Every structure is written in structure tokens, then in C-alpha cells.
Amino acid sequence: MKLRLALPLVLLLASLPLHAAKKEKTDKEGGSSGWFDWRGPFQTGVSLEKGLPDKVDAKSPLWTADFPGQSAPVIANGKLYIMGYLGEGPDLQEGVACFDAETGKMLWKQLFNDFLSDVVYLRYANSSPAIDPETGNVYIQNSSGIFAAFTADGKPLWKHSMMEEYGRMTFPNNRTASPLIDHDLVITRGITAAWGAYGPPGDRFYAFDKKTGELVWSSSPGLLPQDNTFTHPWLSYLNGKRVFYSACGDSSLVCVNARTGEPLYHTAVAKAGAKGGINSSVIEYKGNIVVTHMSENIDTSDVGRVAAFKIPAEIKPPSPVVGQDIDDKELEQWRNPAGSLASSPVLVGNRIYLVAESGDLLAIDADTGKTLWKKQLGIEQRQSSPFYADGKLYIAMYIAAASGQTAGAGGSGGETIGNGELFVVKPGDKDAEILSRTVLTGKCYGSPVGFNGKIYMQTEKKLYCFGKKGKNPGLAAAPVPEPWPAPGEKKKLQIVPYEIFLNPGQTQAFRVRALDANGFTVDENVDPKSVQWTTFVPPTALVKSTIKGSFNADGVLVADQNNVPSAGQFQATLGDLKGYFKGRILPGVPLMQDFEKYELNQDTSKPPPPAVPNTLEPPTPFAYPPLPWNAARFKFEIRDKDGNKALVKTIDNKRLQRGMVFFNRPDLKNYTVEADVLTEGNKRKMSEIGLINQRYLINLKGNAQVLEVTSNQELFKQSVPFKITPNEWYHLKTRVDVATDGSGMIRGKAWKKGDPEPDAWTIEVPHKHANEEGSPGLFSFSPQEQRAWIDNISVTPNK
């Protein structure tokens, strides 16, 4: 009997990552216990804690809180942090809230407006926070791409607008990556279309210094993505390197050096484009990476599978920015026909527990891929992943089982409309026993989490806590990470920040590190004054450009005073060691852009790769848009229009028919943006063309014949009628005013170019919680092969 009781723990420990299972120490010995990441300390949704509840009852929770969302909580030092949202319609704000984990009292919150997104709320799970065990700081990314760090008490440390700074795109499915902390880095991901080599859309990773918020590296390891994904990377070691494995939006599996961002290898997992990217998180088991998806397979027309891919022993990436492409047939060890769109598996010993999209709970042999048993819990599972502890699985189902539907012993069915269900399941060798099931208020998207004898679960309506008061004597000791590997000889330099953004005359200091061949830091503080700094143009660059700036005697970059845009790279050299950073310099306010200085030296019929020839028109000369502009490449070109040069929305790539461009800093405020705009077409077919001011879009919609103000496409949108004649120039002017109480007024006016400016604004839209800052930009949507033009852009201070 003792052997039988001990066996599950032995199997569980055998499945844990080596660096997490080697040693443990209790809080009294100085360890830091908590649930710092939504996948837990072993990256598998597994806890070693004992004494968690066998039953949960929504009618008698320990506490509830009115903080709806689609997230999973993280916990440290008696505090629970979770993403969520408050308010409705235009006043909906999303962010992080901190609660007393014992009582449910809200201690603080940091919320942000959703802006310039097409996110549809209450459809899919979104991100979860992450806690740094070293500092206790909390990291978040919300749906519109605010990536931020806070102290445990809610004090802001730093933030980035991933959309405005790095070209992050939003999608209606709202899949937003959760931060991943590794040593001194915090890593995030997203589909981005920025500038330079990152102009084409890509599923990319970004690593920031967790304390300063400076970008340390960025990586583009996959191919053209079909959809965004929030799959969580798996940290590990490979051939002496610190790496992570992740599924991607192009239905591939990638391996990346976590210290440098260098792609190591990638392999196709599913047929790209069949159903989008892969969203379930991967797990590592006995030299294999297990991937779960619901796309069409490469070699069959079957949809979905769980498959194990062998980690290759030898990897030879062709360059520091391109990983080795390995055929999936060389790596696949086994496959199981079950699949899931977004629910991630749990690994316990040699068992994989997965809730399939059909609502079935499956037990899969991790060595062979064979299904050992399955049990129906519901009729559908959207996003939520299981949590395992104390011999039990805690599983939240998207909707509750219909009354009368059999789901095994342990309780009765409940309402399906608007509610989810939380199960407690005890898995066995041949079946699973349902210990408890209860209907929660609101559908379940996020995942349940257990800590200190309690189970926490957030629904689209509220946050629940189940269990007993006080400290749980069965609380597991905190795992102690494996010691950081000792570095080898110096082989290269790492420049921090890796990417910069300046206005003319501004300065930027850098930290210089010396790294070994595997990317580990040998010298943290190389003197920048000892480094030789030279401009660098990559051989593969389509636009040969350099940053207009120079280094002073202190090793500080000084941007030129000339109010002209520039972008490029610098190379740092110290003996045989080299390192690089890239950056942009954009004119400050006031600024003017009329495109007349650009030379139309490109040909639409002979574009350099990865662009393809434009077959919709005869060969046409063009110029690339300003290189420093974020997300302009491939979506816009400079062409001749009636004897003048102007920016035009491209129409040859259906994937890029919607274009949003940012051309200055995200912390600008109190400015006016105006430009000349035109849509081609006829009375029935026109495009849209608009300006972005302080995170609002003021847009002329040709087909709808309106002037519209919007931010989130679903929640914040107002318009007024405005007659738009195709092939005629208009002047569009926008302004945002914010009062001291935080309310604001968004204003726009349009009139035919050449006519006197009207005194009154065409549209004025109030906003209770106004956006207080944001980069100026432009927008166009050309779905019917009708071009839209923009010229004579200006940004001036409000008067």
C-alpha cells in the first residue's frame, strides 16, 4: 500500500524539468514560494501541493470578487494578481488587479484603455500576469499591447506600447501572450509588422531587461504567420545553450536561444493556413517536444493531433537570424488524433492529460501517444487548461453541461447559457472519477490555479476562491532553480538597448556586454568608451540606410539636429568581438511630410523578395515609404499622382489590405494631425483613409459616406454623415483635447481641398476616460482594389 501511494509522486517528479526538480527548500530555509507563472514552476500546470479541496461549490465559495476576465491568476506573498476589465462600451478598461489572496480584498489595480484594436471581448482567453521571484515585480501585456512592469504594491516601473513601438497587430480573437521571465529577462511575443527587416508581418519574440524595460533582443524565428497565437514558450537547455521551444502562428515548432534571440531550428507541425496558428503550449518529455493543435495535418486531411517531436542532437542554423529548417518527418516520434485549439496539456509522470475541443478529458501515454482512456465532461472546450495537484485535476469547462447530460458521478448538470463549469476529477489507470462539479456565473476562458489550499478561478463575470481559510500545512516547498551555467570565453558583444527611437538632438547611452558562444554573459560592464562604433548596413537590406547620428567621447549616441527621418544599424567592435543595435530617428513636432524628395526608383513588376510582382497594373515606378515609419512597408508606396508624389495604399496583397502606420513616439500628446486624402473608385466602390491622433482613428469611409471616430472597433465607434466623392482630394484635420479630470474630446473635420476651412468641427466625440498620449499615424483600408492616397501630412502642437 505504501508503494502504491508513493508511485504517483515518483512519476510526477520524473516528469518535471531537471532544473526545477533537483533541489527544494522551504520558506523557512529562504525559498520563495508562490505560483509565479500561469503554467507553474514546472511549466506543466502541475503543483506538488497537498490538501487542496476535493469539492468546489459555487454557492459557498471562500470569497468572490467583481473582476471579470479571461485570465489565470498568479500568486506571491499572499497577493493574487490577475488580468481583467472594468467598465462597459467606450469606457471599458483592461489591466491588472491585485487582491489579498486570503480575503479577496482588492489592494490595487492598473487599467488601460483598449485602443486602435479589432479585439472582440468575451470570445477567447487572453493573457495572464507573471511575477518575478527575485524582485516580486509583476509583468503584464494587455489586449492592445501595453507591456508593463509594476512593483508588488502597484507602482509603475516601465511600460511599452508594443503596437506603436514595435508594430504589434491586434486580432478579433484577442489571443495575447503572457510574459515569460527568465533570469534577468522578461519575454513576450506577438504578430508584428514594424520597419526594415521586420516590415513583413511575423510571429516574433521580444526580450526586455526586467528591471529597466530596455529591449535586449528581438527574434523572428518563423515564416509568414496565418494567425496570432498566445502559446506559452517552454524554457530548457540544449547543447549548452539556454533555449525556449514554442509553437507559432505559422503552425510550426521553433527553438530559440533565450539569451540572444538567435533562432536555432524550426519544423512544420501542421499545414500552414489550414486553421491558423497553434495556441496550446508545448511540453518537453524525454528528449521530445509534445505539440497539440487543431489545424489540418501536413500529410493527411485530418484535423488536429497531439504529437511528439524529437529534439535534434545536432543543429546547424545557417545564420544568426535564420534557424535550421528540419523536416517534421525526421522528428515526429508518435501522434495521437486528439487535438485542442487552445487548451494546453498537463504532464504527470508519463501521462498527458488533455481536454480536447470536443469536451473530452483524455489520458495519453507520453511514451507512445496511445489514448489510455477518455471521459466526456462537456460539449465544448474553448481555451481553459487543466491544473493538477494532490492527485486531482481541476478543469474549467467553457460552458456548463446541459441539464440531463451525463457527465459521470459527482453532481448534476446546470445551465448552459452564459455559465461555465468547474470540475474536480481524480484520474485513474483506466478511467477518471468526478469528485465535484459546480456551475459558475459566467463562461470560463482562463485556467484554474491552486495555491495554499485554495483554488482560484476567473470567469467572464467574476473571480472565485474555493477552499479553507488560513495557511495550508500541505503547501509544497519552493523549487530551487539549477545554478546558472558558468560562461566560457568572450565571443561577441550584446548592446542594450538593442533598438532605439529618438527625435533629433536626443541622446542614447548603451550598456555593452561580452557574451560567450552560447550567449551567456562573461562581462556585464564593458566600457562603451572602449568600443569602436561604426554605421552598418546589412548585406540583405533592401533599403540602404544609416542612422543620422554619431557617438561622442563618452560612448553616447547623439542624434543629428536635422529634422529629417533616418533609420539603420550600428556595429560595435572591441578587438575580435562585434555586436549590433538598430534604431530610428524621426522628426519631432512640428513635422511635415510631402514625399517630394523621394526618388521613384523601384518597379512594381520587379520588386525584391519577399514581395511578389504586382500583376494588377502595368509596371509602375514607386519608392518605399519612409524607412523609420512603423508598419508602412508592403502596405504603402510612394507614387506619382497627377504630377505630385504622394503615399498610396497598396492593393496587390489581400492579407495587407488594412494598413495602420505610426510615425512618432507613443508618449506624444496635445497635437493636431492633418493631411490631404483621396480615395479612388466610383459611387459603389471606395476605400477608407484616416488619421491617428492620440490612439484614436478619425476615418473617412468612402462606401459608408461617413466621417467616423473609433478606437476599439466593437466598443468605441461614432460617426456622422459626410459626402465623399471618389477621385477628389479632401483635407482631413484631427485634434484631441484632454481635461484635468481625464475626460476628453476627439474632434475631426474634413473639407474639399482648396475650399476654406470650416469653422465648426464635422464630428466631436466625448470620452470619459480619454487616451492621454499616443503616436500620430495614418490608416487605410482598401478591400475592393480601390487605392487610397495621402499627402502633405503635418503634426503641430494644439493651439
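The values are calculated or read from the model by the stated rules, or taken from the named source; none is laboratory data. In this text, all values refer to a predicted model and were calculated from it rather than measured experimentally. Here the Cβ is made from the backbone with ideal geometry for all residues, glycine too, and neighbour counts use every protein chain on show. Heavy atoms of the whole protein, side chains included, go into the accessibility calculation; ligands, DNA and RNA do not. Shrake-Rupley method; radii C 1.70, N 1.55, O 1.52, S 1.80 Å.
Taking a ≥ b ≥ c as the square roots of the Cα gyration tensor eigenvalues, with a/c under 1.5 meaning rounded and otherwise prolate when a/b beats b/c, else oblate, which class fits the range 90-150? Since a/c reaches 1.5 and a/b is larger than b/c, the shape of the range 90-150 is classed as prolate. For the chain, the residue among F636, I326, G349 whose Cα projects farthest onto the positive side of the dipole built from Cβ charges is G349. Taking the Cα centre of the chain as reference, the dipole from Cβ charges on Lys and Arg (+1) and Asp and Glu (-1) amounts to some 920 debye. Across the chain, the fraction of Cα-Cα pairs farther apart than 42 Å, rounded to a whole number, is 32%.
Averaging the sequence gap over all C-alpha pairs within less than 8 Å and six or more residues apart, then dividing by the number of residues, gives the range 593-715 a relative contact order of 15 percent. FRET efficiency for the pair K799 and K752, taken as 1/(1 + (r/R0)^6) with r the Cβ-Cβ distance and R0 = 30 Å, rounds to 0.80. When the chain is described by a simple charge dipole with +1 on each Lys and Arg Cβ and -1 on each Asp and Glu Cβ, the residue from L668, A307, A770 located farthest towards its positive end is A307. Only beta bridges with both residues in the chain are counted; by DSSP, about 95 percent of them are antiparallel. Heavy atoms of the protein chains alone define the surface here; on that basis the chain has 38 Å² accessible area per residue at 1.4 Å probe size.
The range 129-208 and the range 354-372 have their alpha-carbon centroids 32 Å apart. Hydrodynamic analysis of the range 96-239 uses the Kirkwood radius over alpha carbon pairs. Inserted into Stokes-Einstein at 37 °C and 0.692 mPa s, it gives a translational diffusion coefficient of 206 µm²/s.
Determine the distance separating the Cα centre of the range 469-526 from the Cα centre of the range 211-259; give it in Å without decimals. Here the two parts' Cα centres lie 16 Å apart. In terms of distances greater than 19 angstrom between alpha carbons, the cross-link table entries K492/K529; K597/K749; K109/K443; K685/K753; K717/K799; K211/K241 yield K597/K749; K109/K443; K685/K753; K717/K799; K211/K241.
Sparsely packed loop sites in the range 468-500 (the trypsin sites (Lys or Arg not before Pro) outside DSSP H, G, I, E and B with at most 12 other Cβ atoms within 10 Å) comprise K469, K471.
For the pair the range 80-102 / the range 719-789, the C-alpha centres are spaced 31 Å from each other. Ordered by solvent-accessible area of protein heavy atoms (1.4 Å probe), largest first, the residues H232, H731 come out as H731, H232.
When its C-alpha radius of gyration is set against 2.2 N^0.38 Å (N residues), the range 597-636 gives a value of 1.18.
In straight-distance terms, cross-link reach from K210 covers every one of the aspartates and glutamates whose alpha-carbon lies under 18 Å from its own, apart from those fewer than eight places away in the same chain; here that gives D37, D132, E134, D153, E165, D182, D184, E499, E524. Ignoring any ligand, DNA or RNA, what whole percent of the accessible area of the range 460-532 comes from carbon and sulfur when the probe is 1.4 angstrom? That share works out to 49 percent.
The modelled label-to-label distance between R655 and T535, using points 7 Å beyond Cα along the C-beta direction, is 3.3 nm.
When only Cα pairs below 8 angstrom with a gap of at least 6 residues are kept, the chain shows a relative contact order of 11 percent. When the charge dipole of the range 545-691 is built from unit charges on Cβ atoms (+1 for Lys and Arg, -1 for Asp and Glu) and taken about the Cα centre, the candidate among G549, T573, G690 whose Cα reaches farthest toward its positive end is G690.
For the range 486-545, the dipole from Cβ point charges (+1 on Lys and Arg, -1 on Asp and Glu) about the Cα centre works out to 180 debye, to the nearest 20. List the aspartates and glutamates whose alpha-carbon lies under 19 Å from that of K645, not counting same-chain residues fewer than 8 positions away? Counting by Cα, and skipping residues close in sequence, K645 has these aspartates and glutamates nearby: D594, E596, E599, D603, E617, E637, E674, D676, E680, E728, D791.
Each Lys and Arg adds +1 at its Cβ and each Asp and Glu adds -1 at its Cβ; summed about the Cα centre, the range 248-315 shows a dipole of about 140 debye. Carbon-plus-sulfur accessible fraction, the range 686-776 (probe radius 1.4 Å, protein heavy atoms only): 48%.
Please report, as a whole percent, how much of the solvent-accessible surface of the range 80-221 comes from carbon and sulfur atoms (probe radius 1.4 Å). C and S atoms contribute 53 percent here.
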